[in-house]
Every structure is written in C-alpha cells, then in structure tokens.
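The values are calculated or read from the model by the stated rules, or taken from the named source; none is laboratory data. All figures in this text were calculated on a predicted structure; none of them were measured in a lab. Ideal geometry is used to build each Cβ from the backbone, glycine not excepted, and the neighbour counts take in all protein chains shown.
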Amino acid sequence: MPPVITLESPFAHQVFHQRHPELFRRLMDAHPYGPDERAALEALLAETQKGTISLADDAFDRDTWLDWDRRHFGKPWAKAPFLWAESYFYRLLLGAVGYFDTGVDPFGPFKTAELRSSTLDNDYAWLAEQPHFDAALMASLYGNRADLGFQLIAGDSAAIHDQLVADDSAAVREFFQRVAPVAVTFVLDNAGRELLSDLVFADHLLTTGLASVVTLHAKPYPYFVSDATMTDVGDCLRRLRDLPGDSGNRLHEAAADGRLKIRTHPFHSAPLSFHTMPSDLAEELSRGVTVFKGDLNYRRLVGDCRWDPSTPFADAVSYLPGPAVALRILKSEVVVGADDRPRPPGWETAGTYASIQMYRP
Ligand SMILES: O=P(O)(O)OC[C@H]1O[C@](O)(CO)[C@@H](O)[C@@H]1O
C-alpha cells in the first residue's frame, strides 16, 4: 500500500484545526450542555490539536480500542493517520457529551433540521414519477453532495456526468441486469438527503426485481456528524412516506416481509480500512453486491493512502469478498481509478467531483 495520509497533511490539519472548532461551537449552541460537557469538549479540542493520544483506563470500550490500536496510543495526535485519528476523535466527542450514558445524539438537532427543511418536499418532487435506474443511481451518488439541488438529478444528466472522474454507471446497470435478482448491501453514509436518496435507489432495485433483498448497514453510534445510525434509518423511512411517490410505503412493506433489513456492525465505527474487516462482516458482504456510499467509506475501502489517482480501482479493492459499487463525492485526498483529464488544483477535496466505480472479482 502507498504511504498513509496523516494529520501532517494540510487538508487533514485543516479538518482538525478549522472544522472541529466550528463543529464544537455549533454543538454548544444546539445543546444545553453544562459546565462539565463544555469543559470536556474544550479539553478534547486542545488535546487533539496539540496533545498526545490517550485511552482512559475506565473506558467501557477499552478492549475494543486496544484491539483497533496500531501503536498510536501515547503518540502525538499530529503524527497519527488521518482516518484513525478522525474516528477516535468522534468516539471521544461522544464520551465528552455523555452520549454513552444518555443516548442523546449530539448531531440529532442538525439531522432533524434537515428532515424538517421546508425545501425537502420540493427537492423531491421528481419522486412523483418512478425514477429509472440511472436516475435512482445518480440520486444515491449525488445525495452524498449535501448542497445538491435535487432537481438536477432528474434533469440535465450531461452536466452531472461532466463532474465524474470515473464513470462505471453502464457497468453497474449491466451487472444488475445480468445477475438479478441479487442480494444488495448498502454500507450507508449520511442520514438526511443522502439516506433518502439511498432509500429511493433501494426501492428501485426491489421494485424492479433487480434486488432480491436489500440490507442497510448503519453506524453503531453517531459518527462523522451526519452518518446514519439505525435511528436515522427509521426517521428517514418515515419521512420518505410523506414525500411524493410511493417509495416510503413500498419500503415499509419490504421491511415487513423481510426484503428490507436494517442492521449495524461494530466495525462500521472502527478506525481501520475494510482490509481488516472481521470474518462475519466479510461473510455478509460475500453474499451479493455491496454498495459503499460516500467519502469516508471510500477511504476505508481503498485505504486512506496516497494512491496514484490512475491506479485501477480493482487493484485497490481486490481483497473484497464479492462484487462492489462505490458511489462517492470526492471530499478528501484519496483517489484511485480517475481518468487523466486535467483538473484545477484541489479537485480531490473540493466536493465538486464524483466517481462511480464497480468491482467484479
Ligand atoms: O460524508 P462523507 O461523504 O463520508 O464525507 C466525510 C468526509 O468529511 C471529512 O470528515 C472531512 O472532509 C472527511 O474526512 C470525510 O471523509
């Protein structure tokens, strides 16, 4: 594997030194946190910006983190791998605000606001007509770009394709048509609009008979601000029932008869790439095709490393136990399988480029 990306990277440094303080300001604004939680958040910020990585003796999940440790405890945060450090940061954030005692999702107010957004019904008006395969696939992809005007998805697809650095959409469509009906697992990313769009894609696969069963893998706890937990999946399914079209009701029925399953796995909040996924998860992902959503899952899929962007996608994911589709808006420095068209500086992290990549063992 190429060298791993660490917090020494200017992009990762910016995440820890600019985005995290802003996140903490918003959390303290959104919640009536008392002096203890506020002090714990301030201490966490200071530690992750200047201190050493530590693991509390009485942490309830100490054994898990010792298992996931790669000799990072006791070392400076500034030298840690970006993926490992970000993941542990969110675990510590949850501890600081008492999540493991109260069960109150610190990001809940942001997620709720998105589902209550006054523009949501209008943005999903296109659902009134049953989307075809490409539109459903693109909705799931571009759901990963939070600020997308969703009418674009059903409209001018040429503009969208121009932004793709890798486009295996035809191979994805042909794959589903050839192997249908197939078991499909979604390794979910964000709640809110992204999850609503993923649900629309899942409904399309079930309704058209391309999927025999769809399993949604959510995060075991709140993570990376907006990542979907099991609770978020329930909330989004309910919200989808109020949006135009009938996807929400169909998925509700699919859940009732066992064609839609919702689950989680502890490894989805591990600070490690999928190369080291446990055998029970690998066994699950070997049963059909897996759709990996979003930037964080992409980093975990290929490894959060300094790949040459022209490296074939298949070379980076050949360890997978079965076929896979990766749908991602590029928001971090990791890129594989990109075409060689010239792009402006910073294109990897700008959040304006996207990729659709398919792996068949
Ligand atoms: O929601 P997504 O698509 O997984 O993106 C999350 C991304 O945001 C960051 O936290 C900061 O850019 C990345 O580290 C991470 O990959």
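Would you mind stating whether residue 202 is more than 16 Å from the ligand (Cβ to nearest atom), farther than 30 Å from residue 72 by Cα and either in contact (Cβ under 8 Å) with a residue 40 or more places away in the chain or surrounded by 18 or more Cβ atoms within 10 Å (Cβ to Cβ) (or both)?
Yes, satisfied.
What number of residues within the stretch 341-355 are within 16 Å of the ligand (Cβ to nearest atom), touching a residue at least 12 places away in the same chain (Cβ under 8 Å) and either in a loop (DSSP other than H, G, I, E, B) or within 20 Å of residue 84 (Cβ to Cβ) (or both)?
Looking only at that region, the number is 7.
May I ask you to list pairs of residues, at least six apart or on different chains, whose Cβ atoms are under 9 Å apart, with the first in the stretch 162-174 being closer than 22 Å to residue 352 by Cα and the second being basic (Lys, Arg)?
165/341; 165/343
Could you say which residue among 96, 139, 159, 180 is at pLDDT 95 or above, among the aliphatic types (A, V, I, L, M) and in the same structural domain as residue 311 (by TED's automatic domain parsing)? Walk me through how you get there before you give the answer.
Details: 96 fails: in the same structural domain as residue 311 (by TED's automatic domain parsing); 139 fails: at pLDDT 95 or above; 159 fails: at pLDDT 95 or above.
Only one candidate qualifies: 180.
Go through the stretch 91-138 and tell me which helices (runs of 4 or more DSSP H), entirely inside it, have 2 or more residues that are of a type in the set (Val, Ile, Thr).
none
Of these, 282, 338, 326, which one is within 12 Å of the ligand (Cβ to nearest atom), of a type outside the set (Val, Ile, Thr) and either at pLDDT 95 or above or not in a loop (DSSP other than H, G, I, E, B) (or both)?
326
Would a scan of the stretch 205-216 turn up a residue that is surrounded by fewer than 17 Cβ atoms within 10 Å (Cβ to Cβ) and part of a loop (DSSP other than H, G, I, E, B)?
Scanning the stretch 205-216, I find at least one residue that is surrounded by fewer than 17 Cβ atoms within 10 Å (Cβ to Cβ) and part of a loop (DSSP other than H, G, I, E, B), so the answer is yes.
Hey, does the stretch 36-48 have a residue that's assigned to a loop (DSSP other than H, G, I, E, B) and of a type in the set (A, V, I, L, M)? Step through it out loud before you land on a result.
Step one: filter the stretch 36-48 for residues assigned to a loop (DSSP other than H, G, I, E, B), giving none.
Looking for residues that are assigned to a loop (DSSP other than H, G, I, E, B) and of a type in the set (A, V, I, L, M), one finds none in the stretch 36-48, hence no.
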